[in-house]
1. Compute for the chain: radius of gyration divided by Kirkwood radius, i.e. Rg/Rh, restricted to C-alpha atoms, rounded to two decimals.
2. How large is ³J(HN,Hα) for each residue in the range 41-53, as worked out from phi by the Karplus curve 6.51 cos²θ - 1.76 cosθ + 1.60 (θ = phi - 60°), to whole Hz, x for Gly and Pro?
3. Express in whole angstrom the spacing between the alpha-carbon centres of the range 1-80 and the range 89-115.
4. Shape call for the range 1-76 from the C-alpha gyration tensor, a ≥ b ≥ c root eigenvalues: rounded (a/c under 1.5), prolate (a/b greater than b/c) or oblate?
5. Suppose we flag GluC sites (Glu not before Pro) only when DSSP calls them loop and at most 16 other Cβ atoms lie within 10 Å. Which is the longest uninterrupted stretch of the chain?
6. For G69, which sequence-distant residues (separation of 5 or more, or a different chain) have an amide H within less than 5 Å of its own amide H, given hydrogens modelled in the peptide plane?
7. N104 versus E91, label points 7 Å from Cα toward the beta carbon: distance in nm?
8. Give me the distance in nm between label points sitting 7 Å out from Cα along the Cα-to-Cβ direction at V34 and H74, one decimal.
Amino acid sequence: MALPELDNLVRIGSLKAEAGTQGEFDGLLRSGSVRLKDAQNTANSLESRFDLAYNAAHALSLAALRWHGYRSEHRYTVFQSLTHTLKLPAEQWRVLDQAHRKRNLAEYEGDLDVDAALLAALIRVALEVAARAEALGAVKR
């Protein structure tokens, strides 16, 4: 299901137009849901929960992007596309942007500075992304 705004990103090379499969969509939803459930387990460390929630949000966001027939090699673009793929409000997208920046600092500089408030916001947004992505699955392509 093509989207004009995302077609513009295809034209400039930020996205690729590529049909996804139902199996891919279902697998990404499953992967995101499992990680999101584990992210809510308070027995896990704050850092582990952040990593799980961030990767859950990415898998679920990627499911939505693939459902619409696009692919990206960049996590940031996957999150940025949520405004169009799931009609996610800007304030929720900004939480994912902040989490992405924190994740990059941890991955590339070894500096993971996550607090409970960011984790809680990330989990809330990931739950919303999950609900919206699952709703896509109920719609015929």
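Each reported figure results from applying straightforward, stated rules to the coordinates on display, with no laboratory input. Note that the coordinates shown come from a computational prediction; the quantities given were computed from them, not determined experimentally. With ideal geometry, Cβ positions are generated from the backbone for all residues, glycine too; neighbour counts draw on all protein chains shown.
1. Details: Rg = 14.6 Å, Rh = 15.1 Å.
Ratio value, two decimals: 0.97.
2. 7, 6, 6, 7, 5, 4, 5, 5, 5, 4, 4, 5, 5
3. Each part's Cα centre sits 15 Å from the other's.
4. On the way: a/c = 3.90, a/b = 2.07, b/c = 1.88.
Prolate, since a/c reaches 1.5 and a/b exceeds b/c.
5. On the way: sites that count: E18, E73.
Within the chain, the longest run free of exposed GluC sites (Glu not before Pro) spans 74-141.
6. The list, which skips near neighbours in sequence, is G20.
7. Once both label points are built, they end up 2.5 nm from each other.
8. In this crude label model, V34 to H74 measures out at 3.0 nm.
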